[in-house]
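The values are calculated or read from the model by the stated rules, or taken from the named source; none is laboratory data. Computed from a predicted model, the values in this text were never measured in an experiment. Here the Cβ is made from the backbone with ideal geometry for all residues, glycine too, and neighbour counts use every protein chain on show. The accessibility values were calculated without ligands, DNA or RNA, using every heavy atom of the protein model including side chains. Shrake-Rupley method; radii C 1.70, N 1.55, O 1.52, S 1.80 Å.
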Amino acid sequence: MNSKATATEEARADIREHAQATVSDLGSLAQEVSGGSELRDMLMRVAKQTASLDICIRETQQSLATSQVAAARLADRVDSASEQLKSLPKTIDIIKVASADM
């Protein structure tokens with residue numbers, strides 16, 4: 001019976017070790033699942049930030065396009081004003097001649 005009792009105690013010790021290892025494994029798994037939840041939440045935040053960034057990029061592109069159109073219009077006006085300035089001395093001469101004839 002002594003060997004039977006020893007075998008029983010060894011079996012109980014093995015079961016206890018196995019149970020403790022299982023609990024430890026379950027604890028690790030629970031931490032991983034918890035970490036997975038944190039990772040999912042982090043990915044959700046990144047996805048929202050990416051969507052927000054995409055909106056900002058689109059708005060910036062629209063603003064840039066508007067600015068480019070305005071810059072082109074301004075360049076046209078500057079060219080027109082430059083042409084008018086070039087012809088200004090001739091206009092002044094014409095006015096001088098016309099006023100002298102009066």
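Observations on the model:
- Reported label for calculated semi-axes √(5λ) of the Cα gyration tensor in Å given (i) 31, 18, 16; (ii) 96, 8, 6; (iii) 40, 13, 10: (ii)
- Accessible carbon and sulfur surface of the chain relative to its total accessible area, %, 1.4 Å: 61
- Spatially proximal lysines relative to K86 (Cα-Cα < 18 Å; intrachain offsets below 8 disregarded): K96
- Charged-residue dipole, Cβ positions (Lys, Arg, Asp, Glu), the chain about Cα centre, Debye nearest 20: 480
- Here region 46-102 is assigned +1 on the Cβ of each Lys and Arg and -1 on the Cβ of each Asp and Glu. Its dipole about the Cα centre then comes out at about 140 debye.
- Gyration tensor verdict on region 17-64 (Cα atoms; rounded if a/c is under 1.5, prolate if a/b is larger than b/c, oblate otherwise): prolate
- Taking each DSSP H run with n ≥ 4 as -39500 (n - 2.57) and averaging over every residue of the chain yields -37500 deg cm²/dmol at 222 nm.
- The chain, accessible area per residue, ligands and nucleic acids excluded (1.4 Å, Å²): 90
- For the chain, with +1 on Lys and Arg beta carbons and -1 on Asp and Glu, the positive-most of T6, I95, Q31 along the dipole: I95
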